[in-house]
Amino acid sequence: MKHTKEFFTVILFLLTLNLLAQSTKGYKLVWQDNFNGNKLDTTSWNNQVAKPGWVNNELQRYTNGENVKQKDGKLYIEARNENGEYTSGRINTQGKRTFTYGIVEMKAKLPKGTGTWPALWMLGQNIKEVGWPECGELDIMEHVGKQPGFIHCTIHNPSGYGATPYTGVIEVKDLFEKFHIYSMEWTKDFITFYVDGKSVYHYQPEIKNKNNWPFDKPFFLIFNVAVGGDWGGPIVDKGCFPAIMEVDWVKVYQK
């Protein structure tokens with residue numbers, strides 16, 4: 001009887017895990033990174049280097065890989081307060097891995113602390129030609145430390161950007177202790193964001209045009225941890241560093 005109870009406990013646990021993920025029925029896996037090995041796969045990822053204030057008046061300097069590492073099958077992006085400055089990491093798949101439509105999902109654990117601003121998101125590959133927000137932006141997960149426990153899923157385009165109305169928010173109580181799955185289903189008709197399989201925000205303009213739907217072109221992935229800035233600031237808890245975002249995996253499915 002003891003073994004029977006243990007068996008059903010394991011089955012229930014596995015079913016619970018499956019419920020945490022968004023359904024991928026009708027899709028097939030086309031790319032994934034499980035972050036195995038001891039260094040970033042540079043055939044898929046770029047380290048983006050930038051000075052403080054480059055975007056959103058953020059305080060960090062993005063280094064050339066010094067704040068990004070892989071260990072035990074996980075990616076670590078670490079924001080630090082050292083030598084009188086904030087440093088962090090920002091990686092992207094620009095020019096290497098781009099996608100149009102599909103399901104994009106990541107399993108991640110977030111850093112805690114006022115002033116931190118981790119994000120898992122996408123930008124249009126044509127950003128250099130048309131600029132932002134014309135290229136479009138898909139924020140699959142954003143969290144600001146001054147609002148602990150709340151995940152924001154947001155769309156930016158010429159019809160709504162910055163303090164855009166196209167956003168959804170969900171409270172998750174154990175963001176900093178446990179991994180959660182952040183995902184997005186993106187089709188030619190709609191975009192829906194999910195956290196642990198639960199729908200957070202659905203975007204589907206009835207009449208699509210260049211102002212509300214720049215989402216019919218290739219997009220690339222971005223993972224980063226910002227410090228301060230227009231939304232993350234103005235207060236930064238210097239005692240929360242190092243602030244580390246851990247990513248277990250990223251997967252892309254397409255029909």
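The values are calculated or read from the model by the stated rules, or taken from the named source; none is laboratory data. Everything quoted here is computed from the prediction, not taken from an experiment. All Cβ positions, even for glycine, are placed from backbone atoms using ideal geometry, and neighbour counts span all protein chains on display.
What to note about this one:
- Hits in segment 105-121 - residues which are aliphatic (A, V, I, L, M), in a strand (DSSP E or B) and either closer than 15 Å to residue 172 by Cα or modelled with pLDDT under 95 (or both): 108
- Residue match in segment 210-229 (condition: among the acidic types (Asp, Glu), crowded, with 21+ Cβ neighbours inside 10 Å and out of contact with any helix residue (DSSP H, G or I) (no Cβ under 6 Å at 6 or more places or on another chain)): no
- Scan of segment 144-182 for residues that are assigned to a loop (DSSP other than H, G, I, E, B) and in contact with a Ser or Thr (Cβ under 7 Å, 6 or more places away or on another chain), ordered by number: 145, 146, 164, 166
- In segment 31-63, of all residues being surrounded by 12 or more Cβ atoms within 10 Å (Cβ to Cβ) and among the hydroxyl-bearing types (Ser, Thr, Tyr), the one that is nearest to residue 125 (Cα to Cα) corresponds to 44.
- Test: residue in segment 163-183 that is within 15 Å of residue 104 (Cα to Cα) and either β-branched (Val, Ile, Thr) or modelled with pLDDT under 95 (or both): yes
- Applying the set (1) closer than 21 Å to residue 151 by Cα; (2) within 15 Å of the chain's Cα centre (by Cα); (3) crowded, with 22+ Cβ neighbours inside 10 Å to residue 107 leaves exactly one unmet item: (3).
- From the options 156, 152, residue that is within 13 Å of the chain's Cα centre (by Cα) and either of a type in the set (Lys, Arg) or farther than 20 Å from residue 251 by Cβ (or both): 152
- Residue count, segment 43-77 (criterion: charged (D, E, K, R) and under 19 Å from residue 231 (Cα atoms)): 3
- Residue within segment 17-26 that is modelled with pLDDT of 95 or more, in contact with a Lys or Arg (Cβ under 7 Å, 6 or more places away or on another chain) and not acidic (Asp, Glu) present: no
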